[in-house]
Amino acid sequence: MNLGDAKRKYREVLAAARLAASDDGLPEAAASDAERRLDAVHKDAMRSIDQYTTRRFLSINERTGLVTKLEQLHRQAQADLRLLAAGRRRHTRSTREQGSVAGGDGSDG
């Protein structure tokens, strides 16, 4: 598993959690299941990084860079899951732009 695979798997877990979420948030059972799945992705990716860096005799700096990127992905996925559990969604650029196109500029018409 490389970082691209980890990112894809994180997205799959979050997409499944979004399907289970309602306006009130994510049910506790679904949130804990998603958290377990995120942790499993992280564990598998760490194992792959360790195997990759050992086999290729990469420097500690290269391993540290891979681990740092993986940790950032994991933290972001956890933050997105917490937002889903609380009933909020992270605003992306496209949703903000859609709001302004739909009359979100404060004018009444």
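Bear in mind that the values in this text are calculations on the coordinates, not laboratory data. Keep in mind that what you see is a predicted model, and the values were worked out from it rather than measured. Neighbour counts run over all protein chains shown; Cβ positions are idealised from the backbone, glycine included.
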Dipole check, segment 3-101, charges on Cβ (K,R +1; D,E -1), about Cα centroid: among T54, A20, A85 the Cα furthest to the positive pole belongs to T54
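If each residue of separation counts as 0.36 nm, what is the full-extension length gain between D24 and N61 once their alpha-carbon separation is subtracted?
Details: separation 37, 0.36 × 37 = 13.32 nm, distance 4.36 nm.
In short, 9.0 nm is gained.
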Given unit charges at Cβ for Lys, Arg (+) and Asp, Glu (-), the dipole magnitude of segment 3-101 about its Cα centre in debye, nearest 20, is 380
The ratio Rg/Rh over the Cα atoms of segment 3-101, Rh being the Kirkwood inverse mean 1/r radius, stands at 1.09
Distance in nm between E71 and A86 label points, each 7 Å along Cα→Cβ, equals 2.3
Sequence order, segment 66-73: Karplus ³J(HN,Hα) from phi using 6.51 cos²θ - 1.76 cosθ + 1.60, θ = phi - 60°, Hz rounded, Gly and Pro as x, gives 5, 5, 4, 5, 5, 4, 5, 4
